[in-house]
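Q: My structure is below; once you've seen it, I'll send some questions.
Please treat every number below as a calculation from the coordinates, not as lab data. The structure presented is a predicted model; accordingly, all values stated were derived computationally and were not measured. Note: ideal-geometry Cβ built from the backbone for every residue, glycine included; neighbour counts use all protein chains shown.
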Amino acid sequence: MLTLYDYLPSQNAWKVRLLLNHLDIPYRTEIVRIFEGEGQRPDFLAVNPTGAVPALRLPDGRTLAESNAILTYLAHGTPYLPADPFGQAKVQQWLSFEQDHVASIATLRHWTLTGKLARRAPALVDRLRHVAGKALAILDRELTQRPFIAGDAYTIADMSLFAYVHRADEAGLALSDYPGVMGWIGRVRAQPGFLGTVYPYSIDPFSGGELP
Ligand SMILES: N[C@@H](CCC(=O)N[C@@H](CS)C(=O)NCC(=O)O)C(=O)O
């Protein structure tokens with residue numbers, strides 16, 4: 001059976017939970033208490049050298065980290081990843097966009113919800129807000145032209161982007177300013193096997209501390 005190394009408030013881990021739910025694949029969960037330093041333990045660093053979740057252990061013992069790499073692996077041969085090379089590369093284009101641009105929303109949301117924002121340099125916060133706003137504007141423009149980000153079909157690129165984009169209000173960004181994104185959020189939520197559960201940071205009393 002697959003093992004998912006998880007931290008419940010992590011939306012990067014939620015992406016993987018979402019795909020596993022769509023595919024109805026059974027798995028066991030191993031919680032990594034990242035704010036208590038468990039990600040830096042040698043046994044976990046052997047699973048993911050960066051110490052971050054999510055990570056996946058296959059039944060044969062091999063391990064894989066990075067949410068988008070895990071999505072790509074699990075989606076092979078399913079309707080969530082095109083079979084043709086161009087379609088796959090188009091999905092990869094948006095997975096890269098997610099890591100390069102949408103991570104700003106993840107960081108702002110984390111800082112906002114855990115009370116760290118006021119401790120951060122205003123110039124850094126402004127820079128992240130600029131990057132996040134630009135990312136939402138790009139997605140808005142694209143998603144008014146087609147139903148899903150990589151084309152007509154719902155793919156892992158949508159799952160990956162959705163994880164933090166649909167929580168952008170919690171990062172201080174008004175989603176109502178982006179009607180194209182709002183319409184897409186509705187289409188993603190309507191997918192069979194959609195997973196609505198999102199865990200708040202407040203379930204972890206240590207989440208107000210800094211990561212080691
Ligand atoms: N690029 C990575 C980012 C993973 C990430 O930042 N995970 C956070 C939780 S959302 C984490 O585990 N942070 C702990 C750390 O970096 O030590 C991915 O997409 O999987």
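Q: Restricting to the chain, compute how many DSSP beta bridges are antiparallel as a %, nearest 5.
A: On the way: 7 of 12 bridges.
Antiparallel: roughly 60 percent of the beta bridges in the chain.
Q: For the chain, modelled as a GNM with alpha-carbon contacts under 10 angstrom, which of Gly61, Gly39, Gly183 fluctuates the most?
A: Highest fluctuation of the listed residues: Gly61.
Q: By what distance, in whole Å, do the Cα atoms of the chain stretch along each of the three principal axes, largest value first?
A: 46, 46, 26
Q: Among Met159, Met1, what is the fewest-to-most ranking by other Cβ atoms within 10 Å? Could you put the intermediate results ahead of the total?
A: Working: Met159 27, Met1 9.
In increasing order of surrounding Cβ atoms, one gets Met1, Met159.
Q: Between the stretch 122-162 and the stretch 50-92, what is the separation of their alpha carbon centroids in Å?
A: One Cα centre to the other: 20 Å.
Q: Relative contact order for the chain: what percent, with Cα pairs under 8 Å and sequence separation of 6 or more? The partial results should precede the final answer.
A: On the way: 291 pairs, mean separation 56.1, N = 212.
After rounding, I find 26 percent.
Q: Under 8 Å for C-alpha pairs, at least 6 residues apart: give me the relative contact order for the stretch 85-189, rounded to a whole percent.
A: It rounds to 36 percent for the stretch 85-189.
Q: Arrange the following residues from fewest to most other Cβ atoms within 10 Å of their Cβ: Asp152, Asp100.
A: Numbers: Asp152 7, Asp100 11.
Taking fewest neighbouring Cβ atoms as first place, the list is Asp152, Asp100.
Q: If you don't mind, there's one more thing I want to ask. On a full-extension model of 0.36 nm per residue, what is the gain between Glu36 and Gln99, subtracting their alpha-carbon distance, rounded to one decimal in nm?
A: Gain in length upon complete extension: 20.2 nm.
Q: With 5 Å bins from zero, work out the P(r) of the stretch 85-189 over every alpha carbon pair and list the percent per bin.
A: Pair shares across the bins are 2, 13, 25, 24, 17, 10, 6, 3, 1, 0.
Q: Going by amide H atoms built from the backbone, whose H comes under 5 Å of the H on Val32, apart from near neighbours?
A: For Val32, the qualifying residues are Asp6, Tyr7.
Q: So, R0 is 30 Å and r is the distance between the beta-carbons of Tyr73 and Ile138; what FRET efficiency does that work out to, to 0.05?
A: 0.65
Q: So the label point goes 7 Å from the Cα of Leu124 along Cα→C-beta, right? Which residues of the stretch 87-105 then have their backbone N under 19 Å from it?
A: Taking a point 7 Å out along Cα→Cβ of Leu124, the residues of the stretch 87-105 whose backbone N falls under 19 Å are 100-105.
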